[in-house]
Amino acid sequence: MKVPHIKIKPPGPNAQALIARDHKFTAPAYKRVYPLAVKEGRGMAIEDVDGNLFLDFMAGIAVAATGHSHPKVVQAIEEQARKFLHICGGDFYYEPMAELAEKLGKLAPGPSEKKIFLTNSGTEAVEAALKLARYHTKRQHIVAFFGSFHGRTLGSLSLTASRAAYRAHFGPLIPGVHHIPYGYCHRCPYNLTYGSCGIQCVTHLEDVVFRHEVTPEEVAAIVVEPIQGEGGYVVPPPEYLGMLREICDRHGILLVMDEVQSGFGRTGKMFACEHWGVEPDILCAAKGIASGLPLGAMIAKSAVSTWPAGTHGTTFGGNPVACAAALATIELIENGLMRNAAEVGGYLKEKLTQLKTSHPSISDVRGLGLMLGVELARADGTPDGQSRDRIVMTCFEKGLLLLGCGESTIRFAPPLIVTKSEVDVAVEIFRSALD
Ligand code: PLP
């Protein structure tokens, strides 16, 4: 059947019943974006419990890299599940974990040898990075960025600064975290223009923070997303990561890149930092790594991974079934999906950029590969979050799954299997919602 196909305006009766049941017993902290109640997923399509078919351009927040229930990933999961489900990778040995660690070490950007710590999630990969950075440097302070999202456990939450609501009433958070503005040229935090700005979003660190607030010798790490995800799919200026790398090198600070959202082929390269040729000391990954099974990885240079046995551990991290799913996922990404992300992502970006010429409410189209953001603004240039939310909801009702990010941006982050004809369908629905 053609996708999307809306039989009954969502949420239909079955979805309404499921939602009512869910709300009775699940924590009120969950913030559901729209009333999507899923029965099945296949490739680019999601079927809801009322038989509506949706075209998925959000991939469960950039996770379903290979599409929903890819047969090769399902087969790998089934085969491993029949062997054993758990033995505790922190304490014992098994092949899928050793094989995945070897694979990640080879895939990770840069020439240095790597060591891998496997986790269950993105936030745990960031926690591991924070702990290792402090342990290795014997320093305590961390630099992070406004607009960043690194997770919701207390360590990573102390770095997260995309919305104050994520932090409100959870303090005190970990001390020694210093936030500075990110390289967001479309809404430059210094009201400067790229080309004549001197990249003040980086120079601020030495000119202000290291001069007035903390000496660089006390800073363990700079933690940065090479492209901000939750903060609005913001691509920094070309010099940005290289300049951060240079500051880190000069002061013995570790450069930690959070590639939880941007990694695993999404931007058309295995990791986004490869677009700028900058090697991090520690890289955090999760989301797309295992097509939806819970898995994360902290990939550190061997020279940095100096923590001895017993300093860190996990019961479930590196679960064998999740490792098998990751190995199948990576094989698919390497053998075509990464290329597809670059090619179809370029096509999608072109189409969205064309829309900008006929729709003045679009103030910016940006991103790399299939990590694309469309920012909306009012006539006076201020971010238009209300219209963004209405458009995301209208697209949902028309059968297209999108998600917002930042103040007024819509993210396009489909599974990496997406085709150009599916892009045509999605852009047409998006255009009609904008109209
Ligand atoms: N880091 C980034 C860049 C993310 O986008 C996210 C989640 O959206 C996280 C960390 C946290 O990952 P998780 O939700 O798996 O804990």
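Under the condition of being open to solvent by 10 Å² or more (accessible area, probe 1.4 Å) and closer than 21 Å to MET58 by Cα, which residue from region 279-295 is farthest from the ligand (Cβ to nearest atom)? By that ranking, first place goes to SER291. Note on region 333-379: residues that are under 17 Å from VAL235 (Cβ atoms), of a type in the set (S, T, N, Q) and in contact (Cβ under 8 Å) with a residue 60 or more places away in the chain total 1.
For region 360-376, indicate whether the set of residues that are open to solvent by 50 Å² or more (accessible area, probe 1.4 Å), basic (Lys, Arg) and outside the structural domain of CYS273 (by TED's automatic domain parsing) is non-empty. No, there is no match, as no residue in region 360-376 is open to solvent by 50 Å² or more (accessible area, probe 1.4 Å), basic (Lys, Arg) and outside the structural domain of CYS273 (by TED's automatic domain parsing). Of the residues that make up region 232-249, is at least one free of Cβ contacts under 8 Å to residues at least 12 places away in the same chain, in a helix (DSSP H, G or I), farther than 15 Å from TYR184 by Cα and out of contact with any Lys or Arg (no Cβ under 8 Å at 6 or more places or on another chain)? Among the residues of region 232-249, at least one is free of Cβ contacts under 8 Å to residues at least 12 places away in the same chain, in a helix (DSSP H, G or I), farther than 15 Å from TYR184 by Cα and out of contact with any Lys or Arg (no Cβ under 8 Å at 6 or more places or on another chain), which makes the answer yes.
The rows are residues; the columns are (1) of a type outside the set (A, V, I, L, M, F, W, C); (2) open to solvent by 40 Å² or more (accessible area, probe 1.4 Å); (3) out of contact with any Leu (no Cβ under 6 Å at 6 or more places or on another chain).
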site	(1), (2), (3)
ARG339	yes, yes, yes
LYS351	yes, yes, yes
ASP380	yes, yes, yes
ASP384	yes, no, no
ASP389	yes, yes, yes
VAL392	no, no, no
LEU401	no, no, yes
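Which of the residues spanning region 296-327 are crowded, with 23+ Cβ neighbours inside 10 Å and part of a helix (DSSP H, G or I)? Of everything in region 296-327, those that are crowded, with 23+ Cβ neighbours inside 10 Å and part of a helix (DSSP H, G or I) turn out to be ALA322, CYS323, ALA324, ALA325, ALA326.
Within the set THR119, THR160, THR123, the sole residue that is hydroxyl-bearing (Ser, Thr, Tyr), closer than 14 Å to GLY296 by Cβ and open to solvent by less than 10 Å² (accessible area, probe 1.4 Å) turns out to be THR119.
Only one of the numbered conditions (1) open to solvent by 10 Å² or more (accessible area, probe 1.4 Å); (2) assigned to a helix (DSSP H, G or I); (3) not aliphatic (A, V, I, L, M) is violated by HIS179, and that is (2). Restricting to region 250-265, what's the tally of residues that are of a type outside the set (Ser, Thr, Tyr), within 11 Å of the ligand (Cβ to nearest atom) and part of a loop (DSSP other than H, G, I, E, B)? Residues in region 250-265 being of a type outside the set (Ser, Thr, Tyr), within 11 Å of the ligand (Cβ to nearest atom) and part of a loop (DSSP other than H, G, I, E, B): 4 in total.
Filtered by the rule that a residue be closer than 30 Å to GLY345 by Cβ, in contact with a helix residue (DSSP H, G or I) (Cβ under 7 Å, 6 or more places away or on another chain) and away from the ligand (no atom under 16 Å from the Cβ), region 203-239 gives PRO237, PRO238.
The rows are residues; the columns are (1) within 22 Å of the chain's Cα centre (by Cα); (2) not hydrophobic (A, V, I, L, M, F, W, C).
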| position | (1), (2) |
| --- | --- |
| THR357 | no, yes |
| ILE362 | no, no |
| LEU376 | yes, no |
| SER387 | no, yes |
| LEU401 | yes, no |
| CYS405 | yes, no |
| ILE429 | no, no |
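Under the condition of being within 19 Å of LEU53 (Cβ to Cβ), assigned to a helix (DSSP H, G or I) and open to solvent by 10 Å² or more (accessible area, probe 1.4 Å), the residues counted in region 410-426 number 4.
The values are calculated or read from the model by the stated rules, or taken from the named source; none is laboratory data. Remember, it's a predicted structure, so these values are computed and weren't measured experimentally. Cβ atoms come from the backbone with ideal geometry, glycine included; neighbour counts cover every protein chain shown. Heads up: the accessible areas ignore ligands, DNA and RNA and are worked out on the full protein's heavy atoms, side chains in. Shrake-Rupley method; radii C 1.70, N 1.55, O 1.52, S 1.80 Å.
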